[in-house]
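Report on one structure; see the data block that follows.
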Amino acid sequence: MFRAIKYSLSLAAALTANFSFAAWDDLNMSPGATQLSQEIFGLHMTVFYVCLAIGIAVLLAMAFILFKYRKKEGVKPADFDDSTALEITWTVLFALILIVLAVPATSVMIKAYDDQEGDINILITGHQWKWQYEYIEDEVGFFSNLSTSLDKRNNLAPKDENYLLEVDEPLVIPTNTRVRFLITANDVIHSWWVPDFAIKQDAIPGFVNTGWTYVNEPGVFRGQCTELCGQYHGYMPIVVKAVSPEEYSTFIRDKKEAKIQQALLTEKLWSTSELMEIGEGIYQKNCVACHQIGGRGIPPVFPSLVGSEIVMRNKARHIEILMEGVQGAAMASYAEQLSEVEIAAVITYTRQAWGNAETGDGKIVIPKEILDYKTNKL
Amino acid sequence: MSAVIDSHHDDHHHGPAKGFSRWLYTTNHKDIGSMYLWFSLVMLFIGGAMAMVIRAELFEPGSQIVSPEFYNQMVTNHGLIMVFGVIMPAFVGFANWMIPMQIGAPDMALPRLNNLSFWILPVAFGILLSTFFMEGGAPNFGWTFYAPLSTEYAPPTVTFFIFSVHIMGASSIMGSINIITTILNMRAPGMTLMKMPLFVWSWFITAYLLIAVMPVLAGAVTMMLMDIHAGTSFFKAGGGGDPVLFQHIFWFFGHPEVYIMILPAFGIVSHIIETFSRKPIFGYSSMVYAIASIALLSFVVWAHHMFTVGMPIAGELFFMYSTMLIAIPTGVKVFNWLSTMFKGSLTFETPMLFAIAFVALFTIGGLSGIMLAIAPADFQYHDTYFVVAHFHYVLVPGALFSLLAAAYYWIPKWTGKMYDETLGKVHFWMSFISVNLTFFPMHFVGLAGMPRRIPDYAMQFADWNMMVSVGAFLFGISQLLFLFIVLKCIYNGKAATTEVWEGAKDKGFEWTVDSPAPYHTFSSPPSMESLKSSS
């Protein structure tokens, strides 16, 4: 008897101890990290409380009516069917509530729509399925890819806190600076959303939208693409790192330095194995989404590279596809996205891997050829 | 008792033909209404199965049962089927059954058109569903099919999708022409426009909305077709086209479309509430004006779906204000329903339970709609699960509950038999609990930042998503119970009276004819006096 009680008590204790419903922390919008995001949060809460009050009033009135006027013996229902005064009253009441909401909404809207130039202007381009960031004044830029491993996505490795919200290279911005984002897209419509900045702007091919932010404290802010952009729409997160202006200038200096180094690399003499090694990495990062791990693609939308005529025997066309993309298909141009070395390496890799070298001509491509392609085009 | 005498006796009340040809060639509004309703019930289970796949995939973080590509096909076709294959045909089914009976007409004005408008629907959905078995897979660009994802980057089956949408549109336009013609020409003597039952009014206005916007949708998909196959650049930025133009055109169709899916529900719920309150509807004329103003406003609010496309601020403010205005007529309707119940004599049979849940939960959907109307706040809500929660609240416990309510309300009149009231109540409570379990937590994950249409999500959304999935599975199972209840009613129900519901007395012509209603309802028009005098 005692044992049973003791057992059930300890079970209950264990259950309560283990019961942690993490989601209670994530019920509401985040107030965010900027003045604008906090104002939008305040507006959201105002509207929310007004709606909550209306909702509770209506539901309580309804509950009262349902209980009070349920059918009872000998009670006859009333037969009124109109009251102009009453109807005018509540119509006016609704209108007043809406005006009360419209006033703060308009003022916040005007603040959000300030599209003066920033101290720093960053061009953001959405690609299937990655973001490209270019610092307009400093003429440096890079691509930002999801860095969560396939093993985690396929439940083969444990997931951690930033699952699907982590990238190989975050966007770095300085604190206490007005940063303006110019947002566009290269293929389909994407949408760049960082909740902590309260910026959500669609990235539309052929259009340049703007958003701006002014972050006071350093921090890391995460967001996601919010417009359906194809099969990996859920896998193109945004990570923004706000750092002190000093740290930011170091970051830009390093970027410029790396750009010069990169240019020098095209002059170097490359071996097939060196190119293969780089190429495999590039392939895993940029190509597997469509052409798949074994290179077999998902025909007919994403063609197989294994045994492909172009990959085996037509080097010129192979380079052209990488540089120009394929009109009317999902294949984009990688001329901007990858360096000469990287393009040469990934072409070499696909021409060598999966038995393509044995069945095809097995020709490799060196960075100089890509540079020449670019030069000839000019 | 011989068949010869029977057929002679029923000279102009002859029964239906037998076998499949009865359904294929029928011009009878009741047969066609039933076919619409069965069709939408079948589509409900197909579209529902897709929702189950979606929720199974989202049960836990990480890849679960389908690939991201197939997930997108599920999301797209779930939306298309629920909108065009379930809610809209079901309302047309009710229109077919009830409008002639409510206005005292023998049938619809254009019976052959009626037959055609139904029979092209299975063709349209056959085409759409067949794309699942084609190379490249089914449409995968969302039910809103934004260009250029749906043009330059679409699977080759998009052409079948376009053709299918064209046929659906043709069906809706034919149905609407029929409904308007019937209402304008075939009302019983003395039934002036402002004496029409509210369901008839709501469909009268809805039919005009359909005629106005379906051609716009047809235009949008035709431009897509041209972009894909004829080398034009309507939506192709590279050729000087404009991807945002697509969204303007789509939502100019799309926003009236969402009211097409809710206005007939307003009519249905008004009838049910007045019947089970044993009182006349409160504010009849303001109900009519409210529906009309919602319909008119629906043409000037479309860009509130596009607050993040980068419109000029004047556009943002205009669409914010016009959208907020919709709250006024909608609020009037909710208050009118409450006032109808006020001082009534309420009973809570299954149709009334669903109607009450409609008012309560539609109010929640309406209030989250006001929040979404606030443009700067919408920067945070847009394309998150908050939006998913909002439109499911107005479409599931909104439109779908009104359809279930209507089915319980009128099925005794159609079959002459009562459904099982206990099972009906079980169905209601299961649906009510699970629908909230499914859609309420979506508000939370949306505000916390979960984008919509993603096949996998960050860890912080895990707990609520599991709850949503459990709710969705329960809701799915509950609807199988509905199918059972309907079949049990048809094959094994107790006989229903002419009036069916105690409170239905004098509430409309449909309650003056036998249960089941004769194959041809009114061979001579009933008189409005017959409704009044008996009270």
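Only residues that are at the interface with chain B (Cβ under 7 Å from one of its Cβ atoms) and either at pLDDT below 90 or out of contact with any helix residue (DSSP H, G or I) (no Cβ under 8 Å at 6 or more places or on another chain) (or both) were counted across the stretch A:77-90, and they come to 5. Once the stretch A:298-322 is narrowed to residues that are surrounded by fewer than 17 Cβ atoms within 10 Å (Cβ to Cβ) and in a helix (DSSP H, G or I), the residue that is farthest from the other protein chains (Cβ to nearest Cβ) is A:ARG313. Filtered by the rule that a residue be buried (at least 22 other Cβ atoms within 10 Å of the Cβ), under 26 Å from A:MET331 (Cα atoms) and small (Gly, Ala, Ser), the stretch A:160-210 gives A:ALA185, A:SER191, A:ALA203.
Given A:PHE197, A:PHE207, A:PHE181, A:PHE143, which one is of a type in the set (Phe, Trp, Tyr) and more than 13 Å from chain B (Cβ to nearest Cβ)?
A:PHE143
Which one of these is within 14 Å of chain A (Cβ to nearest Cβ) and buried (at least 21 other Cβ atoms within 10 Å of the Cβ): B:MET450, B:MET467? Sole residue among the options that is within 14 Å of chain A (Cβ to nearest Cβ) and buried (at least 21 other Cβ atoms within 10 Å of the Cβ): B:MET450.
Condition check ((1) farther than 21 Å from B:GLY398 by Cα; (2) in contact with a Cys (Cβ under 9 Å, 6 or more places away or on another chain); (3) more than 14 Å from every other protein chain (Cβ to nearest Cβ)) across all residues:
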site: B:LYS195; (1), (2), (3): yes, no, no
site: B:TYR208; (1), (2), (3): yes, no, yes
site: B:ILE211; (1), (2), (3): yes, no, yes
site: B:LEU225; (1), (2), (3): yes, no, yes
site: B:LEU245; (1), (2), (3): yes, no, no
site: B:PRO256; (1), (2), (3): no, no, yes
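Across the stretch A:146-169, what is the number of residues that are charged (D, E, K, R), part of a loop (DSSP other than H, G, I, E, B) and either within 9 Å of chain B (Cβ to nearest Cβ) or more than 29 Å from A:GLN262 (Cα to Cα) (or both)? Residues in the stretch A:146-169 being charged (D, E, K, R), part of a loop (DSSP other than H, G, I, E, B) and either within 9 Å of chain B (Cβ to nearest Cβ) or more than 29 Å from A:GLN262 (Cα to Cα) (or both): 3 in total.
Please note which strands (runs of 3 or more DSSP E) are completely contained in the stretch A:170-286 and include at least 1 residues that are more than 14 Å from the chain's Cα centre (by Cα). Fully inside the stretch A:170-286 and qualifying: A:171-174, A:179-185, A:209-213, A:219-225, A:237-243. Scanning the stretch B:331-350 for residues that are facing chain A (nearest Cβ under 7 Å) and not charged (D, E, K, R) turns up B:GLY331, B:VAL332, B:VAL334, B:PHE335, B:LEU338, B:MET341, B:PHE342, B:GLY344, B:SER345, B:LEU346, B:THR347.
Against the conditions (1) within 30 Å of B:PRO68 (Cα to Cα); (2) touching a residue at least 24 places away in the same chain (Cβ under 8 Å); (3) among the polar types (S, T, N, Q), B:GLN460 satisfies every one except (2). Could you grab me the full set of residues in the stretch B:170-196 that are outside any helix (DSSP H, G or I) and buried (at least 19 other Cβ atoms within 10 Å of the Cβ)? Answer for the stretch B:170-196, where residues must be outside any helix (DSSP H, G or I) and buried (at least 19 other Cβ atoms within 10 Å of the Cβ): B:MET186, B:ARG187, B:ALA188, B:MET191, B:MET196.
Find the residue count for the stretch A:310-342, including only residues that are of a type in the set (Gly, Ala, Ser), under 26 Å from A:LYS259 (Cβ atoms) and without any contact (Cβ under 8 Å) to a residue 60 or more places away in the chain.
Residues that pass the stated criteria total 3.
To keep it simple, each residue is scored yes or no on (1) over 25 Å from A:ILE282 (Cβ atoms); (2) small (Gly, Ala, Ser); (3) touching a residue at least 60 places away in the same chain (Cβ under 8 Å).
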residue: A:TRP192; (1), (2), (3): no, no, yes
residue: A:ASP196; (1), (2), (3): yes, no, yes
residue: A:ASP202; (1), (2), (3): yes, no, no
residue: A:GLU217; (1), (2), (3): yes, no, yes
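Here B:LEU531 fulfils each of the conditions (1) under 30 Å from B:GLN380 (Cα atoms); (2) crowded, with 21+ Cβ neighbours inside 10 Å; (3) touching a residue at least 12 places away in the same chain (Cβ under 8 Å); (4) not charged (D, E, K, R) apart from (1).
The values are calculated or read from the model by the stated rules, or taken from the named source; none is laboratory data. What you see is a predicted model; the values in this text were computed from it and never measured. FYI the Cβ positions are ideal-geometry reconstructions off the backbone, even for glycines, and counts take in every protein chain you see.
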